[in-house]
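Worksheet for the structure shown next.
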Amino acid sequence: MTTPDHNIRIGLPSKGRLSDLAIELLKEAGIRFRRQNRSLFAKVRDLPIDIIFLRADDIPVLCAEGAIDMGITGADLVAEANVDVDTRLSLNVGKCRLAICVPDDLEFNDPHQLDGKRIATSFANVTKNFLAEHNATAHLVPLSGSVEIMITLGIADVIVDLVETGSTLAANRLKIAYEIGQYETVLIQNKQQRHSEMAQRVIRRLEGVVIARGYSLLEYNIPQDNLEAALKITPGFKSPTITPLDDQQWSAVRVMVKSSDITSVMDQLEEIQASAILETPINNCRL
Ligand code: AMP
């Protein structure tokens, strides 16, 4: 493999959902490459960027050691790796919780109940830190997967595992007893911040995609008397654009609104006589 030193190296998960999420984000950010035959290396078209495909759980340590300049991986894996990297951007995908999970019928509400218990987990470091914070001592059973069946197998009393929808827990008759942390997919960077100009460009591009995915553009007309109330409902990302209409009693407003809030915002605007309310998706942006 020849990777010229002037190219910035970005590590991506080589397979799984995290890999698909990361590739899709980069594509939307105009960072395009073709991965041939599951190759572990790809060159980005028209930019001095090399993509290295790695195990998601190796990305934090390889980034800390400088084998890659930047990486996309789960914040849970960054916490577990216990290494010193800069988290530059939360990518608003891959959201999950790390939780202490117990059998459905077990009463559990205090971390001190972990004292003397056997805990199966693939997050041994995060769990150890949590135990230390709560002055609890427990026996850890470190594993790399299939943690959810370990209580049934009789080798653990509780598990510490990632939960996204909760369906894996339900299928194994387990419930969340206590949440240890919340995580999502992140962009990390080596502390030395080599190739800082290109790194900054990657961050800005990804940021544009993340914001565009999370917001819509809303346009509406509003009677002058209700403009102030309308701007309270839609304060915008920074500041709304207000244009007077021919009819001086009315203004037109253009504003960014969180996509998840859009329908309730439209309801509220209608209640104060807004009309011609239009939502437009944003493909990309720089703010
Ligand atoms: P769920 O059934 O949706 O709660 O998903 C739980 C399973 O998916 C767990 O066993 C986790 O190992 C895995 N999982 C959920 N979310 C993530 C994530 N963001 N990153 C990696 N693995 C995850």
Go through the stretch 75-88 and count every residue that is within 16 Å of the ligand (Cβ to nearest atom) and either touching a strand residue (DSSP E or B) at 6+ places or on another chain (Cβ under 8 Å) or under 11 Å from residue 187 (Cβ atoms) (or both). 5
Specify which of the listed residues (51, 72, 119) is in contact with a strand residue (DSSP E or B) (Cβ under 7 Å, 6 or more places away or on another chain) and either part of a loop (DSSP other than H, G, I, E, B) or closer than 29 Å to residue 174 by Cα (or both). 119
Starting from residues that are over 14 Å from the mean Cα position of the chain (by Cα) and small (Gly, Ala, Ser), keep the ones in the stretch 9-26 and report whichever is nearest to residue 95 (Cα to Cα). 16
Some residue of the stretch 185-203 being in contact with a Gly (Cβ under 8 Å, 6 or more places away or on another chain), near the ligand (Cβ under 10 Å from one of its atoms) and assigned to a strand (DSSP E or B): yes
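Would you check which residues across the stretch 142-155 are more than 12 Å from the ligand (Cβ to nearest atom) and surrounded by fewer than 17 Cβ atoms within 10 Å (Cβ to Cβ) and list them? Step through it out loud before you land on a result.
Within the stretch 142-155, the subset more than 12 Å from the ligand (Cβ to nearest atom) is 142, 151-155.
Selection gives 142, 152, 153, 154, 155.
Which is outside any helix (DSSP H, G or I) and farther than 30 Å from residue 24 by Cα, of 247, 267? Show your work before the answer.
Details: 267 fails: outside any helix (DSSP H, G or I).
The match here is 247.
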Note: among 109, 129, 92, just one is at pLDDT 95 or above, surrounded by fewer than 21 Cβ atoms within 10 Å (Cβ to Cβ) and away from the ligand (no atom under 16 Å from the Cβ), namely 129
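The values are calculated or read from the model by the stated rules, or taken from the named source; none is laboratory data. Keep in mind it's a predicted model, so treat the numbers as computed, not measured. No Cβ is skipped: glycine too gets one built from the backbone with ideal geometry, and neighbour counts run over all protein chains shown.
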